[in-house]
Amino acid sequence: MISNDISKPESAGFVQHAWRSLTHNLLSLAAAIYLVSLLVLSVSAGWITPYNPVETNLQAAYLSPSAEHWFGTDQVGRDVFSRVINAAKLDFAVAGMSVLLSFLLGTFLGSAGVFYGGLFDRVVGRITDVMMTFPLFVVALAIVAALGNSVQSIVIASAVVNLPFFVRLSRAEVGRLRVLSFVEAARAGGNSEFNILLKFMIPNALPTIVVQVSTSLGWAILDVAGLSFLGLGIRPPTPEWGIMVAEAAASILAGNWWLIVFPGGALAFTVLSFNLLGDSLRDILDVRFRR
Amino acid sequence: MMKPLNSSPLLEVKDLTVTFSTSTERVKGVEKINLQIHDGETLGIVGESGSGKSVTAYAMMGLLARNGRIDSGEVRFAGQAICSDPRALASVRGKEVGFIFQNPRAALNPLIRVGDQILDAVLMSKRPPATKKEARARVIELLEMVRIDRAMERSRAYPHELSGGMCQRILIAMALASEPRLLIADEPTTGLDVTTQKVIMDTLRDLASSRGLATLLITHDLGLAAEYCSRLMVMSQGHVVEEGDTLAVLARPRQPYTQRLVAATPRIGKELKDLLPPGQQPPPTVAPDQGRQVETPALNLRLLQVEGLRKSFGTRSQHRQSWLPRWARRGNDVCDGQREQADALIHAVRDVSFHLEEGEAIGIVGESGSGKTTTSRMVARLLDQSTGSIVFMGQDIGKQSSRSFTSSPMRREIQVVFQDPLGSLNPRFTAYDSIRNPLRNCTQSLNGGELSRDSEHEQILAAAQQAGLAPELLSRFPHQLSGGQQARVGIARALVVRPKLLILDEPTSALDVSVQAVVLNQLDALRRALNLTVIFVSHDLNVVRLMCDRVLVMRHGSVVESGTTENVFTSPSHAYTRELLAAIPHLKIMQEVDHGQNSAARKTGAFE
């Protein structure tokens, strides 16, 4: 096939470029390393964690961190390290699902709205505006309360509260892009309007939107933890960072600091890392930064 | 140009070397630049993009970007070294030396009335007036000096209420506020219309001569420099190539680079192939088109007939806002007269009619706002006309809306090469993808099926070859290509579907003259080889003259003159056409240069 060497130019150099962008910004690199290792750990949690995260052992309650129990044990003797790692799996999955939903729906609604204009755009725009007038966490609470205490309702609640940001951002980006001259060139080249939206608008808006994806992942994890902290959605004894922090709150005055520091720290570092990573993600995805 | 040799120069630069640090290395900006400007003199620095002409000027005044550094060299202003002494620099910059930049609108604060911006400059000057009242009087005086009439009223305007040319004059007034001895003008008229350019440059020249002001004019336009500068410095790739009196440099360029630059500048008496550097042949023969046999041009085969084309804007938004009280409607303005206008329809194009025979090239010229681009967009079916018919190949395509035309089998017959070579390419498409995209769309709609991969690949390579684009460049993204290469991708993309009518919308206005020369030649060769019918939209009359058989001159949306290129250029009948022709700086001086060359040649011939 003669065409292969010319028509497949993108794959070459992408890894290099991604690596160069990451090493250029050491904070992002640290964030990426942290998130990837946490992800790997949590996915393989079943094999590597030394204890069952829900198995109680009242003899071993309130043990401080040691070689045996790296992060200590909690009030019913569960291993905190095992619980923190297992919680990451759940938090990542729930946050990832909800952000994926709001990213797909929000980007499509926002970019299609501004691209086609008219009534559709106005309706989408105004609904977004109205949503943003509510305190979003309270909206999430209300949704979970209405849909019932389940993991699905947390995913939906978190997706809904993240949606307006994607709508607004993609509206702004596509609004900027649609007046550029390559869109006119695309029309002259016989592309249908839908094709222009799909092949010309959204791919060019993606680098900016991906920054929002990363930030939203951080928020979504906070949402999940926050809801569980308040006793909604995920319920004990399932390991979850918010639940662990809530349970630890009772015993913090007793000096059992490890109960709150490790899950709380994992939560804080994860959210921070998603925010730091966003910056480099844009550089990685934007072909214009490639040399 | 006779000045006493012993007078010390106003500005003297010795062995200036500037480097820029990038993430990986230090690159040379300019190397060992020497220049002198005397009082009252106008020095032109000319060069193509990347030649270091702006870097030189910015480095002298300590305005380099953060990653730039002066490595060695000396800058003296009126005998005082300013390069290494920030305090001396501050006492000179904005006080003894004034600046004017390209894109005047961006240089003005959009939220402050222009009069107040000039007032700031007046108050910061060397000898600020004692009272506010005197300062205000000075503002008006400055505005009148740069020939702004109704100065009182205009001083209360915001930048967006003034035209680009007016904004540039405001900037000149600001630069003159402190009565500088040197004015540095960096591409002051790039992006302005030729008639505006003439007004600005004439103002600058008169001010310079009446006040003994020295001027440093940085420009890519050899013609402009030729007309307004007494001395020229030609730069290329960070070096000074040649320097001397304007006429000497242009009439007898000693360096090959200058010779090429002079040759590539279009002017009367030159053919397209004359623009190419001596020794370089016109572009390689265009590969014969295999897919569609070239019909011999049948006489009087009318390809396109445009009748009474009209485009107005403003109806819909006006209608939509009609329930608002008058003061709340969009488009109201400070002046009452303007409000009346804003409420009326804006006619971008009114009653334009023309026709095109097969294989003919017609030029549409005009200044910004003349409606030339709007007209071409309507013909290309990228924009719906308000009224009028567009009969193309015997079919009124004006009846089809621009939206539905994208899926019409006629779409491939009319293709456009856009003005901004980079902006008209999808940043996420490689050159190959950009060329393939219209081919896929148009062949699909034509045959209802896809081309085989191999034949698609062949056609893409053929189009790239026709446009003069090397195959190894096809895997690059637009930002990885040079301006000329980007333009070629745009041309290949238009050609790949084998259109009958090619609309060229200022295809070379973003390119350097030497690149423009090659691209124009390529386009002309293609046109002849493929028997293309061409609409060439441009503000550059010189280029239109080279490329077109007939010309339409547009102004304020109407055609003011049309005829064969020969007639319009040699005996323009409309006053506006004459004004337009007179405003082009290249023509007169360069003609003299050509004339001088011929007579010089004759002279040497006679002596030998």
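The values are calculated or read from the model by the stated rules, or taken from the named source; none is laboratory data. Fair warning: this is a prediction, and the values are worked out from it, not measured in the lab. Counting neighbours? That spans all protein chains shown, and the Cβs are built from the backbone with ideal geometry, glycine included. Areas reflect the complete protein model, heavy atoms only, side chains present, ligands, DNA and RNA absent. Shrake-Rupley method; radii C 1.70, N 1.55, O 1.52, S 1.80 Å.
Below, the figures for the structure above:
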| item | result |
| --- | --- |
| Accessible-area order (highest first, 1.4 angstrom probe) of the listed residues B:Ser514, A:Ser228 | B:Ser514, A:Ser228 |
| Student exercise, chain A dipole from Lys, Arg, Asp, Glu Cβ charges, in Debye to nearest 20 | 820 |
| Furthest towards positive pole of dipole, B:Ser401, B:Ser514, B:Leu425, structure part region B:302-573, Cβ charges | B:Ser401 |
| Largest-first ordering by accessible area, 1.4 Å probe, given options B:Arg252, B:Arg428, B:Arg147 | B:Arg252, B:Arg147, B:Arg428 |
| Antiparallel content of DSSP bridges confined to region B:470-567, in %, to 5 | 55 |
| Solvent-accessible ranking of B:Met233, B:Met410, largest area first, probe 1.4 Å | B:Met410, B:Met233 |
| Aspartates and glutamates whose Cα lies under 12 Å from that of A:Lys199, excluding same-chain neighbours fewer than 8 positions away | B:Asp433 |
| Point-charge dipole on Cβ atoms (K/R +1, D/E -1) for region B:485-525, about Cα centre, debye to 20 | 280 |
| Most to least packed among B:394-406, A:233-245 [average Cβ atoms within 10 Å] | A:233-245, B:394-406 |
| A:Tyr62/B:Ser402 FRET efficiency (R0 56 Å; Cβ-Cβ; nearest 0.05) | 0.15 |
| Among beta bridges that DSSP assigns inside the protein assembly as shown, antiparallel share in %, nearest 5 | 55 |
| Positive minus negative residues near B:Thr373 (Lys, Arg vs Asp, Glu; Cβ under 13 Å) | -2 |
| Pairwise label distance in nanometres, B:Gln259 with A:Ala145, each label 7 Å out on the Cα-Cβ vector | 8.7 |
| Cβ neighbours within 10 Å from other chains - mean over B:428-436 | 5 |
| Proximal charge balance of B:Asn567 [Cβ under 14 Å; K/R count +1, D/E count -1] | 0 |
| Shielding by partners - mean other protein chain Cβ count within 10 Å, residues of B:420-427 | 6 |
| Part-to-part distance (alpha-carbon centres) for region A:63-131 and region B:141-185, which is given in Å | 56 |
| Averaged over A:173-184, number of beta-carbon atoms from partner chains that fall within 10 Å | 4 |
| Out-of-range pairs (alpha-carbon distance over 32 Å; input B:Lys273/B:Lys311; B:Lys132/B:Lys198; B:Lys14/B:Lys126) | B:Lys273/B:Lys311; B:Lys132/B:Lys198 |
| Expected-Rg normalisation [2.2 N^0.38 Å, Cα atoms] applied to chain A | 1.18 |
| Beta bridges by DSSP in region B:302-573, antiparallel share as percent, to the nearest 5 | 55 |
| Accessible surface of the protein assembly as shown [probe 1.4 Å, protein heavy atoms]: carbon and sulfur percent | 57 |
| Paramagnetic reach from B:Arg310 in region B:531-562 [backbone N under 20 Å; point 7 Å along Cα→Cβ] | B:554-561 |
| Furthest towards positive pole of dipole, B:Asn567, A:His17, A:Met97, structure part the protein assembly as shown, Cβ charges | B:Asn567 |
| Mean Cβ count within 10 Å, highest first, over the residues of peptides B:223-231, B:482-490 | B:482-490, B:223-231 |
| Net dipole in debye of region B:302-573 [+1 Lys, Arg Cβ; -1 Asp, Glu Cβ; about Cα centre; nearest 20] | 860 |
| Centre separation in Å (Cα based) which lies between region A:172-216 and region B:345-369 | 31 |
| Per residue accessible area in Å² of region B:302-573, where ligands, DNA and RNA are left out and the probe is 1.4 Å | 39 |
| Mean Cβ count within 10 Å, highest first, over the residues of peptides B:67-80, B:455-468 | B:455-468, B:67-80 |
| Area of B:Val240 that stays accessible when all protein chains are in place (1.4 Å probe, Å², to 10) | 50 |
| Where A meets B: accessible area buried, both sides, 1.4 Å probe, Å² | 3000 |
| Separation between Cα centres of region A:244-291 and region B:556-575, rounded to whole Å | 70 |
